[in-house]
Each structure stands twice: as structure tokens, then as C-alpha cells.
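We did not get these values from a lab; they are worked out from the coordinates using the rules stated. Remember, predicted model here, so these are calculated numbers, not experimental data. Cβ coordinates were reconstructed from backbone atoms using ideal geometry, including for glycine residues, and neighbour counts include every protein chain displayed.
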Amino acid sequence: MKTLLRYIKIWLLFAKQELLFQFSSKSSIILFFIGKTVRFLSFLLILILLKHNTKTMAGYSIDEVIIFFLTFNFIDLVSQMFMRGVYSLTGKVRSGELDFYLAKPVNVLFRVLAGSPDFNDVLIFIPFLFFSAWYIGQAVPLLDAVRIVLYLAFLVNGLLISVAFHIFVACIGIITTEVDNTIMLYRELSQMGRMPMEIYREPLRFLITFVVPVGLMVSIPARVLLGKAPPSLLLTASLVAFTVFLLSLLSWKHALKMYTSASS
Amino acid sequence: MGNKLLLNSLKKYWVIAKITWMNGFTYITSFVMWRVRQIIQMIVALSLWESIFASTTTAFGYTSARMLTYIFAANIIGFIVTSSRTIGVSSIIHSGDLSLYLVKPLNFFLYWFSGDIADKLQNIAFSLTELTVLFFIFHPTLYIPTHIATLFLTLLAVSGATVMYFFINMMFGLLGFWTPDVWAPRFLFFTVIFFTSGSFFPLDIFPKIIVDILSYTPFPYMMFFPTKVLLEQLSSIEIVRGLLFTGAWATLCGLGAFTMWSRGIRTYEAEGR
């Protein structure tokens, strides 16, 4: 408990620094906010246009597809808000700045992952959350407390997979000193979860469900909410998330051993 | 004498293109990831439309075959038009490394354009195999233009789009003369491009009023217009109008970039060196 409180305190310090840094450029904040809003609304507009032109997509109504899209956005925004630090890891590895992280009495992985929270995403997250809650309330009939609790639980499960992938990206960053395309690849892969997994053909569907489980990350919570997730799938999703997270921690330990501090 | 000078100049930029080509392979993991990203983007677009057409024969006036062919062709054109190395321009200005370029007998714009050409060639070379695999998976209808003039017009539209895209990117890079925060406007630009250039879907699925408004912006001329020309889905008047708009936007963007350069260079103080 004491350790947890200490880390919350440390994170708040990081967050304060990052907030001051990011708000030093107000024009950037505004442009990022506009960009992210445009991206969200444009995709939503396409889905609404689809609703008027087609009946279903891979067995789901377009209203249901929008639930997948909102769930993807929730996991994506939360991940970006808290784990933006991974994006700038390469520079720290190349310059040797990572040495300073290693020498400090703070968990290095925590520092790398959560050291630079992104406040640009916080700005869009708040209206997004209100919109999602309103939309889900409208679009999902017979919404009961059990389904809501299960939905929230599997959102956490999805976030665990997301954390694991950010750790894998950090590992690649340390080993290859290059992370830009890897993190963008993760983003590209995770964006496949904007739509139900059923739209993809086999073996791609299997690949993004079990090998690189970005599919499970988003589609399971959405399916839980829609009452279309059998218990066996829920069990599989939990097991996969736990395994991937464990593997990512092991990889991190291995990657740290390979760090040579060559540039410092 | 004049010919020799031109030849030497061409050789210089040829060497720059060659170096850029080789630089692309420096971080091999990153290179592979970049290729995989390109394939994923295309798979997502193709899968989305394939699943839509599983429950209907036509949507937005397109049949399944026509839509998949469009997505395929638009992505091929996108590979050529939107690959660029100019993302590094702002950091060069900021770090003060621009001074190294200024003392060399190089034209700054031609230097970056040579790099862009190498990047495009790399993109084309590696996408050929990937596109072949995707072709056999999704079976889009292979559309062969019926007129030889179509190829010439497509080449013209793609060249105009390439030049326009280059100058737009240069303008974002040259913002580095005045501000270190060039990523935010670039992010906004890429977001707008994704939805308005026609790579993910043909723009004519939008209501007519939106299509009309978009036709006055540079975005549809990057991918949507060249693709429609290639697929012979435009009338002669529409082609002429589109080419004129492409040319006008490329000229305007060029003027903007050269103005920014001439003003920026006067404010440049080689900070950081």
C-alpha cells in the first residue's frame, strides 16, 4: 500500500511536469484537439453513412459496429493518455538518457511507460466518455448491471493487453534503438479492432485474436455489452491477456539485460 | 559546357537519391515494420468493404468488384504520392544542421525531392510483391485502361499530386524556422488527408455538397482524382478540370513553400550549433 501511494505521488509529479510542458504550446494543444476530434467524427460519419446504405456488416448491425468503434476509442485513448512515454524511448536509448532512469530508485518500466502522460488525449477523452455513455444507453436494449460490470471488467482486460504491447514495443526500442515504426505498427494493428473481428478472413482473424491479440483487446468488451460473448470466449480472453502480460514482463527483463548504454 | 554542368548536377542528385535508398535499410526492423503497416492499412480497407458487400450487391452506387478495384488502385497511387522523407526538414532547421546544407553547392528543395524520389521507388519496389499477394487474396477486378491516353493522363495527375504533396510537406517542415511545434499541424494535416484524399474509400460516397466543397481543396487530387482517371470513370471535362485544379494547387503550394523558405532563411540563426 505504501509503495502504491509512493508511485501515485511520483506519477502525479510526472503528470504535473508534462502538463506544464504540453500547455506551454497552446496552439499545439488546440491543433491536436481539432485533429483528434476530426478523426473521431469522420470515422463516425462514415459509419452513419454506411447505416443508410447497407444492412449489416459481418452479421452486426451498424449500430452494433459503432459500439466496437467506441470501445476501441476508449482503450486507445486511455493507453495513449498513460503510456505516451514509450513513443520517446528511442531518443533516450540512443542518447544514453536511459542510464539516469536506471540509476534512480523508481521502477524503470514504470518510468518508461507512464513517465510522460499525454494531456492532449485527456481533452478529447472527457466529451468522448459522455458521448459513449449516451450512445450505449440509447443503442443497447436491456442493459443490466451485470453486463455493465462485465463490460468494465473486460475493458480492464483489454487495457492489460494494451500495456503488454507497449512493453513489447519498449523492449524492441531498447534492443534495436528504433521504435517509431514498431509503435505505429502496434497502432495500425490495434486499429483493426475498430471493426468486429468477423470482417477479417482467416488466418488473419486467428492471428489478431490469438497471436497478436489486438482483436481480443477491443472485440471482447464490445461483444460482452452486446450479449454476444459465450463464457468460453471470456475465459480464453482472460487467459490470453494474462499470458501476454506475463510474457511482456519477461521480455522486458531480457531487454534490460541487453541494454549496453553504448551512447552515454 | 552547359550540358556538362547539367549532367554534373543530375549526378549529384542521383547520388543523394542513392544514399536515401540505402538509408532506408539502416534500421532493418523499422523498415520491415513500415512495410507491414502499409499492408495492414490496405487489408483493413479491403476487408471492411468486402464485409459490407457480403450483405448487399450495391452500396453508394458501387458494386463489390468496382469498390475493391478502386481501393486497390487508390492504394497503389497512394504508395507513390504520399511516400516522403521531408518529415526531417523541421528538425534540420531546429538543430542548426541546416547550416551544413547552406554551405554546400546544393539546392535545398532538389535535395529533398531527390530523397522523396528514392523513397517512392523503394515503396513501389517493395509493394509489388505485397500487392501481388493481396491481389490473389481479394481478387479485385484488374482494370486495364482502354485508351493509351488514360495512362498519360494518369501519369500527369500522379506527377501533379506528387509535386503538390512534396510542397505541402516542405511547408510543414519549413515551419521549423518559426516554431519547434511542427508535429501538431502535421498531425492535423495527415488526419484530414486520411478522410479526404480517397485512400480508404472513394470520396463520391459522401453527399454531393461535401464532394463539391472538397473539389476546391487540394485533398481529392492526391489519390481520388488520379485513381478515377486511371479507372476511366471521369468525363473529359472532369479530367480537364481536375488536371487544372491539380496544377493550380501544385503551383500555389510551390509558391507558398518558396516564400516560406526565402522569409525563413532571413530569420535563421543557426541555433543549436
Problem - Whole-percent pair-distance distribution, where bins are 5 Å wide, for the alpha carbons of segment A:217-264 - result: 5, 18, 17, 14, 12, 9, 8, 7, 6, 4, 2
Exercise for the section: Could you tell me, in Å, what Rg and Dmax come out for the Cα atoms of segment A:1-75? Expected result: 19.5, 57
Handout entry: Computed over segment A:2-258, Cα set: Rg, Dmax in Å
Key = 19.1, 59
Handout entry: Residues of segment A:157-197 with amide N under 16 Å of a point placed 7 Å along Cα→Cβ from A:S88
Key = A:179-180
Fill in the blank from the handout: Bounding extents of segment B:1-70 in its principal axis frame from Cα atoms, largest first in Å, are 66, 34, 12
Problem - Theoretical FRET efficiency, 1/(1+(r/R0)^6), r = Cβ-Cβ of B:S262 and A:I175, R0 60 Å, to 0.05 - result: 0.85
Completion exercise
Over all pairs of different Cα atoms in segment A:1-151, the reciprocal of the mean inverse distance gives a Kirkwood radius in Å of 18.2 Å
Handout entry: Pairwise label distance in nanometres, A:D63 with A:M258, each label 7 Å out on the Cα-Cβ vector
Key = 4.9 nm
Exercise for the section: Let me see the pair-distance distribution of the protein assembly as shown: every alpha carbon pair, 20 Å bin width, integer percents in order. Expected result: 19, 54, 25, 2, 0
Exercise for the section: With everything on Cα atoms, drop me the angle between helix B:236-267 and the longest principal axis of chain B, reported from 0 to 90° to the nearest 10. Expected result: 20 degrees
Completion exercise
One point scatterer per Cα, no solvent, Debye formula: log10 I(q)/I(0) for segment B:149-273 at q = 0.11, 0.12, 0.20, 0.22 Å⁻¹ comes out as -0.44, -0.51, -1.10, -1.26
Completion exercise
Helix A:231-258: inclination vs chain A longest Cα principal axis, degrees, rounded to 10, gives 20 degrees
Completion exercise
A:I30 and B:K104 label points (each 7 Å along its Cα→Cβ direction) are spaced in nm at 3.8 nm
Problem - Computed FRET value (nearest 0.05) for B:K4 with B:T57, which takes r as the C-beta separation and R₀ as 60 Å - result: 0.45
Exercise for the section: Report the normalised scattering of segment B:96-199 as log10 I(q)/I(0) at q = 0.12, 0.21, 0.22, 0.23 Å⁻¹, calculated by the Debye formula with identical scatterers on the alpha carbons. Expected result: -0.65, -1.36, -1.39, -1.41
Handout entry: MRE, 222 nm, helices only [DSSP H, n ≥ 4, -39500 (n - 2.57), over the protein assembly as shown, to nearest 500]
Key = -24500 deg cm²/dmol
Problem - Whole-angstrom gap from segment B:155-227 to segment A:109-128, using each part's C-alpha centre - result: 29 Å
Fill in the blank from the handout: Pseudo-spin-label distance A:F210 to B:T150, built 7 Å along Cα→Cβ, given in nm, is 4.4 nm
Exercise for the section: Report the net charge of residues surrounding B:Y111, where surrounding means a beta-carbon distance below 11 angstrom and charges are Lys +1, Arg +1, Asp -1, Glu -1. Expected result: +2
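Name the longest site-free stretch of chain B, where the excluded sites are GluC sites (Glu not before Pro) in a DSSP loop with no more than 12 other beta-carbon atoms within 10 Å.
Segment B:1-268 is the longest.
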Completion exercise
Of the convex hull drawn through the C-alpha atoms of chain B, the volume per residue in Å³ is 157 Å³
Exercise for the section: List the relative contact order of chain A as a percent without decimals, with contacts defined as Cα pairs under 8 Å and 6+ residues apart. Expected result: 26 percent
Exercise for the section: Would you mind checking the tilt of helix A:119-139 against the longest principal axis of the Cα atoms of chain A, expressed as 0 to 90 degrees and rounded to 10? Expected result: 20 degrees
